[in-house]
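The values are calculated or read from the model by the stated rules, or taken from the named source; none is laboratory data. Quantities reported herein were computed from a predicted structural model and do not represent experimental measurements. Every residue, glycine as well, gets a Cβ built from its backbone with ideal geometry; the counts of neighbours run over all protein chains shown.
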Amino acid sequence: MALVEIDNISKNYQMGAIQVPALRNITLSIEEAAFVSFVGPSGSGKTTMLNIIGCLDKPTKGKIIVDGKQMNDLDRKQSALFRGSVFGFIFQAFNLFPVLTAYENVEYPLVMIKKEPASNRKEHVRKVLEAVGMLEQKDKRPDQLSGGQKQRVAVARALVTRPKLVLADEPTANLDRKTAINVIHLMRDMRDEFNTTFIFSTHDPGIMEAAEIIHTLEDGQLTHSSRRPLSGKEGEK
């Protein structure tokens, strides 16, 4: 069974007396351990799609099932609990706490969401930081890190709760091309190691070559889907 099943969803936003369509009649499925990118110009509906998949918003019509659970049926509290147990989020602005170290930023979800005992947290946080190449910088605060290093910390924070699904909204928007490609490949490596499903959005055509499955959105409609199996560090040239 697919990890994500999207059945004929549409999303409209009310602006005064006018309804503005953000998504229109989209149907697709996403398998476990997939590495998926939604691409398209700004305003095409990419962020809305990720918000609906991530249980941050609800469709105006249609249904969405994630990990066997019907998202439409969840109230606000149930949605929050489900997000904490299933999802990891990576934001283009990093959203790291400026007063916390890299280690503390990664540890935070284990304390606040998973309520994991301190005896279990240290080893797991160190392991994830090591996996993203940031263990040596664990005691640095965000203002002491480069953009690429901040994004690696954000990836580690998204993975530390062992989510089934990671959603990354424009995760490379603030990075140079080389760092962006390296971060994308890092996420693919994490997918291979932890069997995590990754869904990210981008409007940068240069990043598309790193994706395996590409869904193209235009004006809220799914216009094209393609599969591109990759191996090694293809796309880093």
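Values for this structure:
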read-out: Residue match in the range 19-28 (condition: in contact with a His (Cβ under 7 Å, 6 or more places away or on another chain) and either under 22 Å from Gln78 (Cα atoms) or assigned to a strand (DSSP E or B) (or both)); value: yes
read-out: Flag if Gly40 is in contact with a Phe, Trp or Tyr (Cβ under 9 Å, 6 or more places away or on another chain) and surrounded by 19 or more Cβ atoms within 10 Å (Cβ to Cβ); value: no
read-out: Considering residues of the range 155-169 that are over 11 Å from the mean Cα position of the chain (by Cα) and part of a helix (DSSP H, G or I) only, the residue nearest to Asn95 (Cα to Cα); value: Arg157
read-out: Selection status of Ser10, in a strand (DSSP E or B), over 22 Å from Met187 (Cα atoms) and at pLDDT 95 or above; value: yes
read-out: Matching residues in the range 48-69 - criterion: being at positive phi and surrounded by 20 or more Cβ atoms within 10 Å (Cβ to Cβ); value: Cys55
read-out: Residue list for the range 25-37, restricted to those being crowded, with 18+ Cβ neighbours inside 10 Å and modelled with pLDDT of 95 or more; value: Ile26, Ile30
read-out: Qualifying position, being closer than 30 Å to Tyr108 by Cβ and hydroxyl-bearing (Ser, Thr, Tyr), among Ser29, Ser42, Ser85, Ser10; value: Ser85
read-out: Long-range neighbours under 9 Å by Cβ, at least six apart or interchain, first residue within 14 Å of Leu222 (Cα to Cα) within the range 39-54, second polar (S, T, N, Q) and surrounded by fewer than 22 Cβ atoms within 10 Å (Cβ to Cβ); value: Val39/Thr216; Gly40/Thr216; Gly40/Thr223; Ser44/Thr216; Ser44/Gln221; Gly45/Gln221
read-out: The range 136-154, residues that are in a helix (DSSP H, G or I) and modelled with pLDDT of 95 or more; value: Glu136, Gln137, Pro142, Asp143, Gln144
read-out: Among the residues listed as Ile214, Ile184, Ile199, the single one being in a helix (DSSP H, G or I), within 16 Å of Phe38 (Cβ to Cβ) and not acidic (Asp, Glu); value: Ile184
read-out: Scan of the range 184-223 for residues that are over 29 Å from Ile26 (Cα atoms) and buried (at least 17 other Cβ atoms within 10 Å of the Cβ), ordered by number; value: Leu186
read-out: Flag if Arg152 is more than 28 Å from Ala2 (Cβ to Cβ), in contact (Cβ under 8 Å) with a residue 24 or more places away in the chain, charged (D, E, K, R) and surrounded by 18 or more Cβ atoms within 10 Å (Cβ to Cβ); value: yes
read-out: Qualifying positions in the range 170-181 - surrounded by 20 or more Cβ atoms within 10 Å (Cβ to Cβ) and outside any helix (DSSP H, G or I); value: Glu170, Pro171, Thr172, Leu175
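Let's see how each residue does on (1) surrounded by fewer than 16 Cβ atoms within 10 Å (Cβ to Cβ); (2) within 17 Å of the chain's Cα centre (by Cα); (3) assigned to a helix (DSSP H, G or I):
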| site | (1), (2), (3) |
| --- | --- |
| Ala80 | yes, yes, yes |
| Val106 | no, yes, yes |
| Leu110 | no, no, yes |
| His124 | no, no, yes |
